[in-house]
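Working notes for the structure below.
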Amino acid sequence: MIKLLGILLSLILLFSWIEPVYAFTNQNSELTKEELKQRDELGNKAFAATNKGDFAVAEEYWTKIIEKFPDNAAVWSNRGNSRISQNKLEEALADFNKSIELAPNATDPYLNRGAALEGLGRWDEAIADYNYILELDPSDAMAYNNRGNAKAGLKRWEEAIADYQKSAEKAPNFAFARANYALALYETGQEDKAIREMKNIIRKYPQFPDVRASLTAALWAKGEKGEAESNWVAAYGLDRRYKDIDWVKNVRRWPDSMVAALDKFLKLQ
């Protein structure tokens, strides 16, 4: 399996993990040194644009590489990631399909395609992609997390909780799986357990805005207004999107109970 360099995009689609970059493969051994140099220079520019959040620019660079090197599966998948980050989901899906066609045994394009399918609300198809990854690599923490997200989209919360737990077990430092686990606990009526989990995450990752915001909502609903306000100051300072309840509900895709709790906090603040 090609190892990926995972970076957090400014838009994490539904908090599924999508893998923005992975090493170029020398699928065409007849490339000249000059061609390899040209490809790598364009790739580095695309990576730099991605790191800056300039996804449209990154897409342009990936397109230039595809025009010259159309048989490189990694490049198609990378362009798909730049498109998914612009919410161009159908176009991203086409890129991931092409990447899979060129490299059917690489798991990473399946992970990314699953995220695009989630964004389109095609939950069962996304789950099928994650299941395929887990058949090939049962230790893939990101696949467990993303499958949990897809199951949450179907309101299959107990199954989602099991997947988040499995993801955290496979990768204890994968904070997103733990954050999603806490949200799922809250949705299933386990508010106190969810709050404990959120506080534990914050102790280790104090700059994690999603958990700061969810803890704000949970504490406010519990009547602990001072601590809620304190966490909100941190959350809002880190990421102002959490003040947009539509974004929280439809892009971040928090569970209904947590969305309602945050909405009450924002309205009464």
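Does segment 85-104 hold any residues that are among the hydroxyl-bearing types (Ser, Thr, Tyr) and in a loop (DSSP other than H, G, I, E, B), and which are they?
85
Only one of the listed residues (35, 90, 41) is more than 22 Å from residue 114 (Cα to Cα), surrounded by fewer than 19 Cβ atoms within 10 Å (Cβ to Cβ) and touching a residue at least 12 places away in the same chain (Cβ under 8 Å). That residue is 35. Looking at 180, 173, 149, just one residue is out of contact with any Gly (no Cβ under 7 Å at 6 or more places or on another chain) and in contact (Cβ under 8 Å) with a residue 12 or more places away in the chain, and that residue is 149.
Can you find even one residue in segment 237-256 that is touching a residue at least 40 places away in the same chain (Cβ under 8 Å), surrounded by fewer than 15 Cβ atoms within 10 Å (Cβ to Cβ) and part of a helix (DSSP H, G or I)?
Residues of segment 237-256 touching a residue at least 40 places away in the same chain (Cβ under 8 Å): 251-256.
With surrounded by fewer than 15 Cβ atoms within 10 Å (Cβ to Cβ) added as a condition, the list becomes 256.
Then drop every residue that is not part of a helix (DSSP H, G or I), which leaves 256.
Checked against the condition, which is being touching a residue at least 40 places away in the same chain (Cβ under 8 Å), surrounded by fewer than 15 Cβ atoms within 10 Å (Cβ to Cβ) and part of a helix (DSSP H, G or I), segment 237-256 yields at least one hit.
Scanning segment 49-64 for residues that are surrounded by fewer than 19 Cβ atoms within 10 Å (Cβ to Cβ), modelled with pLDDT of 95 or more and either under 20 Å from residue 121 (Cα atoms) or of a type outside the set (D, E, K, R) (or both) yields 56, 57, 63. Residues in segment 65-82 that are in contact with a helix residue (DSSP H, G or I) (Cβ under 7 Å, 6 or more places away or on another chain) and surrounded by 16 or more Cβ atoms within 10 Å (Cβ to Cβ): 65, 66, 69, 73, 75, 76, 77, 78, 79, 80, 81, 82.
Just checking, which of 164, 130, 181, 186 is aromatic (Phe, Trp, Tyr) and either more than 17 Å from residue 252 (Cβ to Cβ) or touching a strand residue (DSSP E or B) at 6+ places or on another chain (Cβ under 6 Å) (or both)? Even if it seems obvious, please write down each step before you answer.
Numbers: 164 fails: either more than 17 Å from residue 252 (Cβ to Cβ) or touching a strand residue (DSSP E or B) at 6+ places or on another chain (Cβ under 6 Å) (or both); 181 fails: either more than 17 Å from residue 252 (Cβ to Cβ) or touching a strand residue (DSSP E or B) at 6+ places or on another chain (Cβ under 6 Å) (or both); 186 fails: either more than 17 Å from residue 252 (Cβ to Cβ) or touching a strand residue (DSSP E or B) at 6+ places or on another chain (Cβ under 6 Å) (or both).
Going through 164, 130, 181, 186 in turn, just one is aromatic (Phe, Trp, Tyr) and either more than 17 Å from residue 252 (Cβ to Cβ) or touching a strand residue (DSSP E or B) at 6+ places or on another chain (Cβ under 6 Å) (or both): 130.
This table checks each residue for (1) within 25 Å of residue 122 (Cβ to Cβ); (2) modelled with pLDDT under 95; (3) among the charged types (D, E, K, R); (4) over 17 Å from the mean Cα position of the chain (by Cα).
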{"site": "155", "(1), (2), (3), (4)": "yes, no, yes, yes"}
{"site": "198", "(1), (2), (3), (4)": "no, no, no, yes"}
{"site": "224", "(1), (2), (3), (4)": "no, no, yes, yes"}
{"site": "228", "(1), (2), (3), (4)": "no, no, no, yes"}
{"site": "232", "(1), (2), (3), (4)": "no, no, no, yes"}
{"site": "239", "(1), (2), (3), (4)": "no, no, yes, no"}
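Close contacts from segment 56-72, counting a first residue that is not assigned by TED's automatic domain parsing to the domain that holds residue 83 and a second that is assigned to a helix (DSSP H, G or I) and surrounded by fewer than 20 Cβ atoms within 10 Å (Cβ to Cβ), with Cβ to Cβ under 7 Å and a gap of 6+ residues or different chains, come to none at all. When segment 163-191 is limited to residues that are aliphatic (A, V, I, L, M) and under 18 Å from the mean Cα position of the chain (by Cα), the one that is surrounded by the most Cβ atoms within 10 Å (Cβ to Cβ) turns out to be 183.
The values are calculated or read from the model by the stated rules, or taken from the named source; none is laboratory data. Please read these numbers as outputs of a predicted model, since none were measured by experiment. Note that each Cβ is placed from the backbone with ideal geometry, even for glycine, and that neighbours are counted across all protein chains shown.
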